[in-house]
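The values are calculated or read from the model by the stated rules, or taken from the named source; none is laboratory data. Keep in mind that what you see is a predicted model, and the values were worked out from it rather than measured. For neighbour counting, all protein chains shown are included, and Cβ atoms are generated from backbone atoms with ideal geometry for every residue, glycine included.
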Ligand code: SOE
C-alpha cells in the first residue's frame, strides 16, 4: 500500500513522528571563512535537526572569500552549493535571501549597508563595526530597508545565561546593586606575535577598531545591558603592553594601537554599579568570561568555562541550608534544553550559534525582531566608544 507520505512530498516526518509541512528555504550567502564562518555554518547546518518546529530551513547557498582556493575548500567542507570571491557579486545574486557577515570589523559597514540596500536580510558578527560613527549608518540602512537583522552576540544564548535573564526578570534578585564581568585571555603575550592579516587582524586597530574593548568587553557589555539595563557613564583605563609588532602585511615593525587590556567601572541606569575587566595578558586564562550580579534578595554568577552551570544564592532560603546552589542547566524546562538530549546531558559553545539561528528563523515567522538587533548593538558600540574615550581622556564619560 502506498502511504500518504510517499504520495505527498510536501510533508515529512520529524523525530517525534509528527507530520510537518515542508520548510521554506532561506538561502544564506556567508562572507568570510574564518573561525566565525565555521561557527555560523555549523549553526545553519544543525538547526533543523533539533528545532523541528521552525518554518524555515537555511540553505548554504554560497560562501564568499577573497582566496579562491580556501573558499572552495570551505565550500567543500561545509557543503556550500557555490562560491564567490567578490561580496558585491554575492549581494547581487537573486538566489540569496540573507547575507551573513563574518569578515574583519572594518568591512562590516560597507557589506551590511549594501546588503540592506539590496533588500537582503543581514546577520552580522559582533561587534557591529569599529566605532559608533561607523555603526550608525548601518542601523539607518537596515531600518530604512526594513530587513530582518541580528548581531551575533552569542553568549546571550548559553542556556544558563538565558536562565539568568529569566530569573532576573522574575524579580527574584530584587534591587540590583552590583554587576561584575571579566573576559580574560592570554594569547597575545608573546612579543613575537605579528599584528594584522589573516587570523591576527584582531591586533590591528585599522581592521579591528580596538583591542579587547571591541572584541571581548563588547560581549560583556551586550550581556550586561540585556540582563541589567542601560549603562549611563563610564570611567576606564586601557593599556597596550607590547608597543610594537611586525605587521604581517608590510613585514615592518609598527606601533600597536589596540588596547591589550581594559578595565572600567560604570553606573547603570537602574542605579547599580558595574565593574568590567578584559585582557589578553592573563596567563592561564583562554576564554574566561565570568559574570556576577548581586541583588537585594539573591545573587547569580556564571562562568563560560563551566557554561552549563548557573550559580544562584537566594537569601530567602532557610538559614541552615542557605548557600550558593549550582543549577545544572540541562533540564527540558530550562531555556533551549528541550531541543537537545535528555536531562543531565550538556551542550557547548557551538550550541549558542545554533540557538541564534533558531531564534532568527523563528523571528521571521513571528515578525518579532531577533535580538540583539543592529539597533541594540549600536548601544553596545556607544558604551565601547565611551570606555575608550574615558581611558584616553582620563575622565568619567557619559554614554
Ligand atoms: C577572540 O579571541 C575571540 O575569538 C572573540 O573574537 C570572540 O568573539 C569570543 O567569543 C572568543 O574570543
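Highlighted here would be helices (runs of 4 or more DSSP H) found entirely within the stretch 128-236 that include at least 3 residues which are modelled with pLDDT under 95 and away from the ligand (no atom under 16 Å from the Cβ), but there are none. In this structure, residue 63 does not satisfy being assigned to a strand (DSSP E or B), within 23 Å of residue 366 (Cβ to Cβ) and modelled with pLDDT of 95 or more. The number of residues in the stretch 41-58 being over 14 Å from residue 79 (Cβ atoms), over 20 Å from the mean Cα position of the chain (by Cα) and outside any helix (DSSP H, G or I) comes to 5. Residue 116: away from the ligand (no atom under 15 Å from the Cβ), touching a helix residue (DSSP H, G or I) at 6+ places or on another chain (Cβ under 7 Å), farther than 30 Å from residue 307 by Cβ and outside the structural domain of residue 299 (by TED's automatic domain parsing), yes or no? Spelling it out, residue 116 is indeed away from the ligand (no atom under 15 Å from the Cβ), touching a helix residue (DSSP H, G or I) at 6+ places or on another chain (Cβ under 7 Å), farther than 30 Å from residue 307 by Cβ and outside the structural domain of residue 299 (by TED's automatic domain parsing). Among the conditions (1) out of contact with any helix residue (DSSP H, G or I) (no Cβ under 8 Å at 6 or more places or on another chain); (2) within 16 Å of the ligand (Cβ to nearest atom); (3) farther than 27 Å from residue 268 by Cβ, residue 344 misses just one, which is (2).
Within the stretch 322-331, one or more residues are free of Cβ contacts under 8 Å to residues at least 12 places away in the same chain and surrounded by fewer than 13 Cβ atoms within 10 Å (Cβ to Cβ).
Within the stretch 92-113, being more than 16 Å from the ligand (Cβ to nearest atom) and touching a helix residue (DSSP H, G or I) at 6+ places or on another chain (Cβ under 9 Å) holds for 96, 98, 99, 109, 110, 111, 112, 113. Residue count for the stretch 306-333 under the criterion of being more than 14 Å from residue 160 (Cα to Cα) and assigned to a strand (DSSP E or B): the result is 3. Annotation: of all residues in the stretch 285-305 being more than 15 Å from the ligand (Cβ to nearest atom) and either part of a strand (DSSP E or B) or out of contact with any strand residue (DSSP E or B) (no Cβ under 9 Å at 6 or more places or on another chain) (or both), the one that is nearest to residue 346 (Cα to Cα) is 301. Criterion applied to 230, 214, 197 was being surrounded by fewer than 16 Cβ atoms within 10 Å (Cβ to Cβ), within 22 Å of residue 377 (Cβ to Cβ) and either assigned by TED's automatic domain parsing to the domain that holds residue 183 or touching a strand residue (DSSP E or B) at 6+ places or on another chain (Cβ under 8 Å) (or both), and the one residue passing it is 230. Scan the stretch 274-282 and tell me whether some residue there is in contact (Cβ under 8 Å) with a residue 12 or more places away in the chain, within 16 Å of the ligand (Cβ to nearest atom) and surrounded by fewer than 19 Cβ atoms within 10 Å (Cβ to Cβ). Yes, because at least one residue in the stretch 274-282 is in contact (Cβ under 8 Å) with a residue 12 or more places away in the chain, within 16 Å of the ligand (Cβ to nearest atom) and surrounded by fewer than 19 Cβ atoms within 10 Å (Cβ to Cβ).
Might you check whether a residue that is part of a helix (DSSP H, G or I), at pLDDT 95 or above and more than 30 Å from residue 70 (Cβ to Cβ) occurs anywhere in the stretch 260-278? Looking through the stretch 260-278, none of the residues is part of a helix (DSSP H, G or I), at pLDDT 95 or above and more than 30 Å from residue 70 (Cβ to Cβ).
Screening the candidates 44, 33 for the property of being surrounded by 19 or more Cβ atoms within 10 Å (Cβ to Cβ) and either without any contact (Cβ under 8 Å) to a residue 24 or more places away in the chain or farther than 15 Å from residue 360 by Cβ (or both) yields one hit, 33.
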